[in-house]
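Enquirer: Below you'll find the structure I mean.
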Amino acid sequence: MLLYTQDSELEVGIYLKEQRAKFRELRNLLNVAQSSLRKLLETPTSAQDQDLQRQNAEAWYQLQQACTETLKNESRDIEVFVWWLAALPYKKADLSLLDEGLSDFLFALNVLKEDIHPRLPDKKVAGLEAAEAMRKQCENQTRPLEQLTGDSPNTGLLNAPLMQFPFIDSYTFSDYLSDHKSGKLEQQKAEFASVIQSHKAQLTAQFETITSIDNKIGEIDVFINGYRNKNGLALLGFRFVKDNLKQIKAMYQYFFPDVVKKEDIVPAPVQTNDSDAMIKPDVTPEIETREAVVVRPQAQSDISTYTRENALEDLNRIAVFFKQTEPHSPIPYLLARAIRWGNMSFSELMNELITKDSPVLAEISKLTGVENDLGELLNEQIAPVITPQSTITETPVIVEETHTPVEPEKVEPVIEQQPKASSSSSGPLW
């Protein structure tokens, strides 16, 4: 940690916004730093302009120093923590200082909990019901974090430092995104192949740093949004910064797969030519002989019992989840429409979307043939319809065992169930 130690005794300190001169000083330093960064990003030759880079680093350093003094000696305030954390990457681009700084912030959250500033003075919530007062306090305390994480893609004070997170030499996360978009990743990977091993220690350290930051951001997310949820407030969106962190880790894994420990690698799904899923049994640690054992897949029979009604109910549950956790999101509304429209015929859907007497509806009906009998559209004499039978393919899987081979189990054919008549209760949410 950079500010505290594990045995530091923290107090919340003063409410900074009542100390207007002090708060204004910090705010002005933030404005200067942001203006400097904007100038750097908008200058095409900034990569070669050492003076411009130095001015930007100095502006953020001044903000960092002022916030450090405040957080140590005057107030433990989430908004000041946000500005301080935002300034740390400009001192070390590998984000190692940000990683340490997040430990300080988590320490303060865990010690001070719901008393951390900016907590409104009692006079600001006087006259409110207890629940409403707590809600107002929670909103005032936690909302400043959105400055750090952003409320949409490519926003937030951490966005620019993450875009400049390095891989090798001057190649950054921003370059990776650009190459990914233009389809040049394979070419870039080939260029890195000859130098990867000589940078192994550096790459491993950088990957561990970004993984640690990701974990700490997750802990902050759980703490802050747990507090907001308890007080009936919408959750803050950490997903944008977490998406960037996830993609940075993907960059490292793409160019340097060895950076991930073998036990941490998530195996890619096996692609097969049929719909049968391969099930790999646990392997006995003591290996003496290898025996071929036929394993009966279960996935096929599970799928055969999963009906249209089940699928609509699952969609409904997902929609309700998003309605409760992200009431501002369009997702629950879109899913609710999908559920409702999914129970309509095509002609019913068209009648709902388009005025009944509209010439557009008549033209769509004519083109799609929804008003025609299927016998007019299909030639049923071409070939007989073959009803597919549900079968199970016995796939040999090598299992390491110490006993005699197991005789293949006789597999009874699965009787395909007919879909149930739709009586889904998963209708509109509202």
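The values are calculated or read from the model by the stated rules, or taken from the named source; none is laboratory data. Predicted, not measured: the structure shown is a model, and the values here were computed from it. In this analysis, Cβ positions are derived from the backbone assuming ideal geometry, glycine residues included, and neighbour counts consider all displayed protein chains.
Enquirer: Report whether or not Glu376 is assigned to a helix (DSSP H, G or I), exposed (fewer than 11 other Cβ atoms within 10 Å of the Cβ) and either more than 43 Å from the chain's Cα centre (by Cα) or modelled with pLDDT of 65 or more (or both).
Expert: On the way: assigned to a helix (DSSP H, G or I): yes; exposed (fewer than 11 other Cβ atoms within 10 Å of the Cβ): yes; either more than 43 Å from the chain's Cα centre (by Cα) or modelled with pLDDT of 65 or more (or both): yes.
The answer is yes for Glu376.
Enquirer: Taking Gln164, is it surrounded by fewer than 19 Cβ atoms within 10 Å (Cβ to Cβ) and within 26 Å of Leu245 (Cβ to Cβ)?
Expert: Details: surrounded by fewer than 19 Cβ atoms within 10 Å (Cβ to Cβ): yes; within 26 Å of Leu245 (Cβ to Cβ): yes.
Against the criterion (surrounded by fewer than 19 Cβ atoms within 10 Å (Cβ to Cβ) and within 26 Å of Leu245 (Cβ to Cβ)), Gln164 qualifies.
Enquirer: Right, next: Name the residue, out of Lys113, Lys136, that is without any contact (Cβ under 8 Å) to a residue 12 or more places away in the chain and either part of a helix (DSSP H, G or I) or not assigned by TED's automatic domain parsing to the domain that holds Ile248 (or both).
Expert: Details: Lys136 fails: without any contact (Cβ under 8 Å) to a residue 12 or more places away in the chain.
The match here is Lys113.
Enquirer: Could I ask something else about it? Give me the pairs, please: first residue somewhere in the stretch 82-110 and closer than 11 Å to Met1 by Cα, second residue anywhere and small (Gly, Ala, Ser) and surrounded by fewer than 23 Cβ atoms within 10 Å (Cβ to Cβ), beta-carbon distance under 6 Å, and either six or more positions apart or on two chains.
Expert: What qualifies is Asp99/Ser212.
Enquirer: Looking at Ala201, is it aliphatic (A, V, I, L, M), more than 26 Å from Leu98 (Cα to Cα), surrounded by fewer than 17 Cβ atoms within 10 Å (Cβ to Cβ) and at pLDDT below 95? Outline the logic, then answer.
Expert: Numbers: aliphatic (A, V, I, L, M): yes; more than 26 Å from Leu98 (Cα to Cα): no; surrounded by fewer than 17 Cβ atoms within 10 Å (Cβ to Cβ): yes; at pLDDT below 95: yes.
So Ala201 does not fit the description; no.
Enquirer: A further question on this structure: What are the residues in the stretch 80-101 that are more than 20 Å from Thr204 (Cα to Cα) and assigned to a helix (DSSP H, G or I), if any? I'd like the intermediate steps shown before the answer.
Expert: Keep residues of the stretch 80-101 that are more than 20 Å from Thr204 (Cα to Cα), which gives 80-88, 90-91, 101.
Passing the criteria: Val80, Phe81, Val82, Trp83, Trp84, Leu85, Ala86, Ala87, Leu88, Tyr90, Gly101.
Enquirer: Out of all the residues in the stretch 102-116, is one or more of a type in the set (Gly, Ala, Ser) and at negative phi? Please lay out each step first, then the result.
Expert: To start, the set of residues in the stretch 102-116 that are of a type in the set (Gly, Ala, Ser) comprises 103, 108.
Now drop any that are not at negative phi, which leaves 103, 108.
Looking through the stretch 102-116, at least one residue is of a type in the set (Gly, Ala, Ser) and at negative phi.
Matching residues to (1) closer than 18 Å to Leu106 by Cα; (2) in contact (Cβ under 8 Å) with a residue 12 or more places away in the chain; (3) in contact with a helix residue (DSSP H, G or I) (Cβ under 8 Å, 6 or more places away or on another chain):
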{"residue": "Tyr15", "(1), (2), (3)": "no, yes, no"}
{"residue": "Ala33", "(1), (2), (3)": "no, yes, yes"}
{"residue": "Asp51", "(1), (2), (3)": "no, no, no"}
{"residue": "Leu63", "(1), (2), (3)": "no, yes, yes"}
{"residue": "Ile78", "(1), (2), (3)": "yes, yes, yes"}
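Enquirer: Does the stretch 167-196 hold any residues that are surrounded by 15 or more Cβ atoms within 10 Å (Cβ to Cβ) and among the hydroxyl-bearing types (Ser, Thr, Tyr), and which are they?
Expert: Across the stretch 167-196, the qualifying residues are Tyr171, Thr172, Tyr176.
Enquirer: Okay, moving on. Pro121 - would you say it is touching a residue at least 12 places away in the same chain (Cβ under 8 Å), surrounded by fewer than 16 Cβ atoms within 10 Å (Cβ to Cβ) and within 29 Å of Glu18 (Cβ to Cβ)? Give the steps one after another, and end with the answer.
Expert: Working: touching a residue at least 12 places away in the same chain (Cβ under 8 Å): yes; surrounded by fewer than 16 Cβ atoms within 10 Å (Cβ to Cβ): yes; within 29 Å of Glu18 (Cβ to Cβ): yes.
When the stated conditions are applied, Pro121 passes them.
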